[in-house]
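Student: This is the structure, below, for whatever I ask next.
The values are calculated or read from the model by the stated rules, or taken from the named source; none is laboratory data. On a predicted model such as this, the values are computed, not experimentally measured, just so you know. Cβ placement follows ideal geometry from the backbone for every residue including glycine, while neighbour counts extend to all protein chains displayed. Note: areas computed on protein heavy atoms with side chains; ligands, DNA, RNA excluded. Shrake-Rupley method; radii C 1.70, N 1.55, O 1.52, S 1.80 Å.
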Amino acid sequence: MSITIFSQGAAGEVTGSRHFLFTDKAKVLVDCGAFQGKREEADRKNRQWDFDASALDAVVLTHAHYDHCGLIPLLPKHKYQGNIYSTAATRDVANLIMMDSCKIQAADAVHLAKRAAKLGKTFDWEPLYKDTDVVEAISQFVTLSYNRPQIIADGITAKFFDAGHILGSSLIHMTIKDGDKTVRVLYSGDLGRNDEPILKDPQPADPAEYIVLESTYGDRLHEGKKDVMPELAKIVNETVSRGGKIIIPAFAVGRTQELVFYLHLLHDQNLIPSIPIFVDSPMAVNATSIYKLHQECYDEETHEAFTKHHDNPFGFNDVRYVDSVEESKKLNELKGPAMIISASGMCESGRILHHLINNVGDERNTILLVGYMAEYTLGRRIKNREKQIKIFGDMYDLKAHVEEINGLSGHADYKEMLAYLKSMDTSALKKIFLVHGDPEAQVAFKKFLMDNGFPNVVIVEKNKKYTLD
Ligand SMILES: [Zn+2]
């Protein structure tokens with residue numbers, strides 16, 4: 001039996017996850033993510049499609065982040081007709097993420113066409129995919145619950161384990177059988193952290209000879225989750241005492257629900273005053289409904305604290321979800337302390353921009369940053385506390401306080417990843433393959449693992465084939 005693995009994305013980088021596992025009898029793709037980053041470079045990489053999708057026997061999806069699921073609508077376009085396996089929550093969140101991508105791409109097409117017309121150039125850019133492609137891809141999903149082994153291709157059985165990273169996220173364990181020979185390969189997807197609110201802790205997976213492991217934070221440690229609540233309470237209380245507003249740019253799926261969950265707890269414990277809290281993002285409204293639906297993903301604490309007492313862990317009296325544009329505009333007239341949580345998370349687009357325009361100039365206010373801010377984004381410039389920031393072509397003075405909470409990351413850091421490996425039975429483990437990390441992080445992580453009882457670690461190179469025996 002021959003087994004080969006290789007990666008066409010998330011090899012020496014953190015986006016565009018696309019990992020292949022080929023045996024003599026079957027071809028499986030793990031994740032089909034989009035590249036993110038600078039617009040033109042990402043677009044070029046996302047259009048590069050150098051594999052035969054029609055030859056695949058199965059596709060499995062670890063979780064619904066854009067860099068893992070964003071190119072799934074291209075699979076049916078490239079004549080893949082087989083099943084796409086994921087958990088039910090992952091399918092639902094992926095649907096939302098892919099549909100949102102369609103909207104952004106359609107808006108980009110309009111914007112770029114206008115710009116080309118202005119310059120007298122011909123316009124030939126087309127969105128990668130449309131909503132009809134998403135609908136077709138979604139119809140190919142077959143959902144699996146955690147811990148239910150399922151044959152997905154000739155000689156290959158897959159089993160999903162809770163990764164605790166976002167709603168529905170999974171590690172995918174594959175057992176490959178040929179006669180009396182068995183090889184087991186575990187794909188980590190993105191690994192979450194213990195004590196994550198709402199979600200269960202990452203679940204130890206079955207033993208495997210090979211682990212394909214993420215390494216995003218291979219050289220970094222996070223603040224503890226336990227520090228988040230007191231920090232959040234402090235920032236809310238200080239801003240309210242100044243009579244200011246708190247503006248939080250946050251990713252609509254995951255981070256927003258996590259924040260509302262924490263605010264609910266703080267409110268219940270009387271650690272923050274009652275102020276109106278607005279979640280101003282249509283996508284967050286939809287994402288929250290998906291969160292409400294998938295109680296099978298909740299940890300015990302969430303069940304205990306909320307489902308017994310309330311219908312909805314993501315809402316309490318102070319929270320209002322804002323869907324319509326008119327309602328969103330009305331928030332501009334708000335007087336007195338309030339909180340607005342809005343997307344996009346890195347302040348690149350969306351309603352958050354209007355709230356920033358309205359609020360950055362007032363020193364009573366706080367802009368609270370709760371997520372990663374990539375280089376060249378408006379979020380990064382706010383993080384750097386630049387004196388003036390540009391929004392929609394105009395300059396605004398940044399006088400509001402800028403605060404950061406760093407403990408909210410959904411990725412395990414290197415010590416947490418080691419602790420996860422140690423929670424598994426690794427007596428049969430032969431090799432760890434590192435993916436989904438920047439080169440420096442991967443080199444550091446490889447050394448850390450080797451120093452801590454895992455001598456065989458390989459940093460995966462793009463398109464290089466690795467044979468498993
Ligand atoms: Zn992820």
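Student: To the nearest Å, what is the center-to-center distance of segment 179-214 and segment 83-134, using C-alpha atoms only?
Tutor: 32
Student: Follow-up question, since we're still on this one. Grab the other residues whose beta carbon is less than 12 angstrom from that of Gln8, score K and R as +1, D and E as -1, and report the net. Don't skip to the end; give the middle numbers.
Tutor: Values: positive: Arg18, Lys45, Lys462, Lys464, Lys465; negative: Glu13, Asp31, Asp50, Glu461.
It works out to a net charge of +1.
Student: Further, regarding this structure: Taking all protein chains in place and a 1.4 Å probe, what share, in percent, of the accessible surface of the chain do carbon and sulfur account for?
Tutor: Values: 10030 of 20420 Å².
Heavy-atom surface of the chain belonging to carbon and sulfur, 1.4 Å probe: 49 percent.
Student: Further question: So what is the relative contact order of segment 225-404, in percent, for Cα pairs below 8 Å that sit 6 or more residues apart?
Tutor: Numbers: 288 pairs, mean separation 54.4, N = 180.
Once divided by the residue count of segment 225-404, the mean separation gives 30 percent.
Student: Shifting gears a bit: What is the extension gain from Leu221 to Arg364, computed as 0.36 nm multiplied by their sequence separation minus the C-alpha to C-alpha distance, in nm to one decimal? Walk me through the intermediate numbers first.
Tutor: Values: separation 143, 0.36 × 143 = 51.48 nm, distance 3.22 nm.
Length gained between Leu221 and Arg364: 48.3 nm.
Student: Between 0 and 90 degrees, rounded to the nearest ten: what's the tilt of helix 439-451 against the longest Cα principal axis of the chain?
Tutor: 60
Student: Also, quick follow-up: Amide H to amide H under 5 Å from Leu434: which residues, 5+ apart in sequence or cross-chain, H placed 1.01 Å off N in plane?
Tutor: Leu213, Val458, Ile459, Val460
Student: Taking only C-alpha pairs under 8 Å that are 6+ residues apart, what is the relative contact order of the chain in percent?
Tutor: Numbers: 987 pairs, mean separation 88.0, N = 469.
About 19 percent, as a whole number.
Student: Another question, if that's okay. Determine ³J(HN,Hα), in whole Hz, for all residues of segment 155-161 in sequence, where each value follows from phi through the Karplus function 6.51 cos²θ - 1.76 cosθ + 1.60 and θ = phi - 60°; x replaces Gly and Pro.
Tutor: After applying 6.51 cos²θ - 1.76 cosθ + 1.60, I find x, 10, 10, 10, 9, 9, 10 Hz.
Student: Residue separation times 0.36 nm, minus the C-alpha to C-alpha distance between Lys292 and Ser324: what's the value? Each step should come with its number before you reach the end.
Tutor: Details: separation 32, 0.36 × 32 = 11.52 nm, distance 2.08 nm.
The Lys292-Ser324 span can extend by a further 9.4 nm.
Student: Kindly write out, for segment 22-39 in residue order, the coupling ³J(HN,Hα) from the Karplus curve 6.51 cos²θ - 1.76 cosθ + 1.60 (θ = phi - 60°), rounded to whole Hz, with x marking Gly and Pro.
Tutor: 10, 10, 4, 10, 8, 10, 10, 10, 9, 6, 9, x, 8, 7, 10, x, 5, 3
Student: With a point put 7 Å past each Cα toward its Cβ, work out how far Lys177 is from Glu136 in nm, to one decimal.
Tutor: 3.5
Student: Report for segment 225-404 the percent antiparallel among DSSP-assigned beta bridges with both residues inside it, nearest 5. Can you show the working numbers first?
Tutor: Details: 4 of 23 bridges.
Within segment 225-404, antiparallel bridges account for around 15 percent of the total.
Student: Also: Rg over Rh of the chain, using C-alpha atoms and the Kirkwood radius, what does it come to?
Tutor: Numbers: Rg = 22.6 Å, Rh = 23.3 Å.
Using only Cα positions, Rg/Rh for the chain is 0.97.
Student: So what is the calculated 222 nm ellipticity per residue for the chain, using -39500 (n - 2.57) for each DSSP H run with n of 4 or more, over all residues, to the nearest 500 deg cm²/dmol?
Tutor: Values: 13 runs with 140 residues, N = 469.
Mean residue ellipticity, 222 nm, calculated: -9000 deg cm²/dmol.
Student: What is the sum of charges, Lys and Arg at +1 and Asp and Glu at -1, for the other residues whose Cβ falls under 12 Å from the Cβ of Asn83? Walk me through the numbers before you get to the answer.
Tutor: Details: positive: Arg91; negative: Asp57.
Here the charged neighbours net out to 0.
Student: Working from the pairwise distances between different alpha carbons, so that the mean of 1/r is found and then inverted, what is segment 199-301's Kirkwood radius in Å? Could you put the intermediate results ahead of the total?
Tutor: Values: mean 1/r = 0.0603 Å⁻¹.
Over segment 199-301, the inverse of the mean reciprocal pair distance is 16.6 Å.
Student: Measuring with a 1.4 Å probe in the full set of protein chains, what accessible area per residue, in whole Å², belongs to segment 225-404?
Tutor: Details: 8420 Å² over 180 residues.
Result: 47 Å² of accessible area for each residue.
Student: Take the Cα pairs of segment 28-139, get the Kirkwood Rh, then feed it into Stokes-Einstein at 4 °C and 1.567 mPa s and tell me D in µm²/s.
Tutor: Numbers: Rh = 14.7 Å.
Answer, rounded: 88 µm²/s.
Student: Let me ask another. Cα centroid distance between segment 241-276 and segment 347-374, in Å?
Tutor: Using only Cα atoms to place each centre, the spacing works out to 15 Å.
Student: If you don't mind, there's one more thing I want to ask. How tilted is helix 228-241 with respect to the longest principal axis of the chain? Cα atoms for both, answer in degrees (0 to 90, nearest 10).
Tutor: Around 20 degrees separate the two axes.
Student: Assuming R0 = 35 Å, what is the FRET efficiency of Val110 and Ser241, from their Cβ-Cβ distance, to the nearest 0.05?
Tutor: Details: r = 44 Å, r/R0 = 1.27.
Once rounded, the FRET efficiency stands at 0.20.
Student: Related question: Using only Cα atoms, tell me the angle between helix 88-118 and the longest principal axis of the chain; keep it within 0 to 90° and round to the nearest 10.
Tutor: 70
Student: Would you mind giving the three semi-axes, in whole Å and largest first, of the ellipsoid equivalent to segment 225-404 according to its Cα gyration tensor?
Tutor: 27, 17, 15
Student: Something else: What net charge do the residues around Gly218 carry, taking every other residue with its C-beta under 12 Å from that of Gly218, with Lys and Arg at +1 and Asp and Glu at -1?
Tutor: Working: positive: Arg220, Lys415, Lys446, Lys447; negative: Glu214, Asp219, Asp413, Glu416, Asp438, Glu440.
Here the charged neighbours net out to -2.
Student: Would you work out the relative contact order for segment 385-455, in percent, from Cα pairs under 8 angstrom that are 6 or more residues apart? Please report the intermediate quantities before stating the final value.
Tutor: On the way: 21 pairs, mean separation 12.1, N = 71.
Relative contact order here is 17 percent.
Student: Any idea which of Gly379, Met395, Asn317 is furthest toward the positive side of the dipole for segment 225-404, if Lys and Arg beta-carbons carry +1 and Asp and Glu beta-carbons -1?
Tutor: After comparing all options, I get Met395.
Student: Additional query: Given H placed 1.01 Å from N in the peptide plane, which residues other than close sequence neighbours of Ser281 have an amide H under 5 Å from its amide H?
Tutor: Here the answer is Val322, since their amide H atoms fall under 5 Å of that of Ser281.
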